[in-house]
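Asks: Sharing a structure with you now.
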Amino acid sequence: MVANAATLGRSGVHDYIIIRVAGINLALYAFFLLGFFLTNDVTYLTWKSLFSNLGMQVFTIITLLSLLAHVWIGLWQVLTDYVKPVGLRFILQLILNAIAFSYVVAGVVILLGV
């Protein structure tokens, strides 16, 4: 079993499970929003009403965290496979993961109106 400090799980199997569960959650969220757009006349009031619902806020935060986990593990896998110089790989991981984390923070701030 291979373990690495750069991954979210404790092993490759845990990473596999995390990325699959995160992917399923991202797909469910995308399908939900697609259905919402197709079945509603979306105005500012309907959009605000949707995201003022506690269930939707929780679903959105879980989806943002799923996005972060998915990106974190996916970037580690891709960069480990294709970027061989360790220093360059570390810098790329640092920058790209910081960007992904900032997206999550921005999403939570926007969602909660903080």
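Only the coordinates and a few stated rules stand behind these numbers; no lab work does. These figures come from a predicted structure and were not determined experimentally. Cβ coordinates were reconstructed from backbone atoms using ideal geometry, including for glycine residues, and neighbour counts include every protein chain displayed.
Asks: About its Cα centre, what dipole magnitude does the chain give when the only charges are +1 on Lys and Arg Cβ and -1 on Asp and Glu Cβ, stated in debye to the nearest 20? Let's see the in-between values first.
Replies: Working: 5 positive and 3 negative charges, 41 e Å.
That gives a dipole near 200 debye.
Asks: Let me ask something else about it. Sorted from largest down, what three extents in whole angstroms do the Cα atoms of the chain have along their principal axes?
Replies: 50, 26, 21
Asks: Tell me, in nm to one decimal, what length is gained between residue 59 and residue 42 on full extension, where the rule is 0.36 nm per residue of separation less the Cα-Cα distance?
Replies: So the chain would gain 4.2 nm between residue 59 and residue 42.
Asks: If I require 18 Å or longer along the helix axis, counting alpha carbons, and a Kyte-Doolittle average no lower than -1.0, what helices from the chain are left? Use full DSSP H segments.
Replies: The qualifying helices are 12-39, 54-82, 86-112.
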